[in-house]
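This report refers to the structure that appears directly beneath it.
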Amino acid sequence: QVQLVESGGGLVQPGGSLRLSCAASGSIFSIYAMGWYRQAPGKQRELVAVIRTGRSTNYADSVKGRFTISRDNAKNTVYLQMNSLKPEDTAVYYCYAANLGNDYWGQGTQVTVSS
């Protein structure tokens with residue numbers, strides 16, 4: 001069993017920055033990918049970013065060039081650095097992790113971009 005806890009969400013002005021963190025605990029040794037999804041009210045959930053054990057990454061077109069995903073294996077933590085934030089980035093952001101045969105999800109953290 002893997003537990004994921006997100007932090008770092010909040011209210012920020014357009015053009016500002018936030019860094020989300022996701023700390024993993026439990027049976028984490030075999031995790032091969034971690035990432036972030038988001039869902040805004042009335043919209044589909046979308047993959048924001050993913051990072052794999054080899055440090056390869058993928059980003060949604062809507063965030064590419066503004067967001068950066070990274071991981072610190074020693075701290076069992078994945079980060080999402082969000083720059084140049086826009087109102088349309090407002091959503092609940094969910095951390096996820098994957099190992100062989102299992103997906104794990106965090107509780108979500110609210111990000112609100114508003115002036």
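Quick notes
- Intensity falloff of the chain expressed as log10 I(q)/I(0), Debye formula with alpha-carbon point scatterers, at q = 0.12, 0.14 Å⁻¹: -0.38, -0.52
- Only the Cβ atoms of Lys and Arg (+1) and of Asp and Glu (-1) were treated as charged; on that basis the dipole of segment 54-115 about its Cα centre amounts to roughly 200 debye.
- Alpha-carbon centroids, segment 44-115 and segment 1-42: separation in whole Å: 6 Å
- Global form of segment 47-115, assessed from the alpha-carbon gyration tensor, a/c cut-off 1.5: prolate
- Within segment 15-33, backbone nitrogen closer than 20 Å to the virtual label 7 Å beyond the Cα of Asn58 toward Cβ: 31-33
- Using only the C-alpha atoms, the convex hull of segment 16-65 corresponds to 123 Å³ per residue.
- Counting 0.36 nm for each residue step from Phe29 to Glu88 and taking away their Cα separation leaves a gain of 17.7 nm.
- When only the Cβ of Lys, Arg, Asp and Glu is charged (+1, +1, -1, -1), the dipole of the chain relative to its Cα centre reaches about 200 debye.
No value in this document is a laboratory result; all are computed from the given coordinates. Bear in mind the structure is a predicted one, so any value in this text is a computation, not a measurement. Ideal geometry is used to build each Cβ from the backbone, glycine not excepted, and the neighbour counts take in all protein chains shown.
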